[in-house]
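Here the structure is laid out as structure tokens; the discussion comes afterwards.
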Amino acid sequence: QYVVKPPRSEAAFDWHQDVLYFKDEQREHRMVSVWTPLCDVREENGTVLVDPYPDPTMPGVYTREPEPVVVEMSAGCALFMDGRLRHCSGANTSNVFRTAYMPQFSSGQVSDDNGLTALAVPVNSF
């Protein structure tokens with residue numbers, strides 16, 4: 001995914017876990033996202049916030065308020081996020097675009113009813 005937040009944008013992503021976007025039977029596969037900002041990111045331009053203490057055995061079940069950690073990073077750094085990590089991002093109140101690249105990886109097949117998920121390309125076994 002290529003993620004863009006325009007300047008002075010109210011666009012924000014609420015707290016979520018990426019694993020919840022997949023079918024129940026696919027959630028057993030380990031998933032990791034590699035969020036890589038293409039510019040320096042700070043709270044004012046809508047960087048990622050993570051909650052390092054969710055219950056990983058119960059995706060989507062939140063028994064308490066998040067304890068957010070603001071992830072400030074330089075362009076080109078990488079944040080590796082397990083699919084069960086609760087995270088969000090705020091609005092971009094700055095005067096510049098906030099851009100990031102985020103490939104996602106899985107230990108098993110995750111697909112929609114047509115056999116593909118987003119821009120996933122099947123790889124034949126060796």
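Of the residues in segment 90-109, how many are polar (S, T, N, Q) and modelled with pLDDT of 95 or more?
5
Kindly indicate whether HIS29 is of a type outside the set (Lys, Arg) and at pLDDT below 80.
yes
The values are calculated or read from the model by the stated rules, or taken from the named source; none is laboratory data. Remember, predicted model here, so these are calculated numbers, not experimental data.
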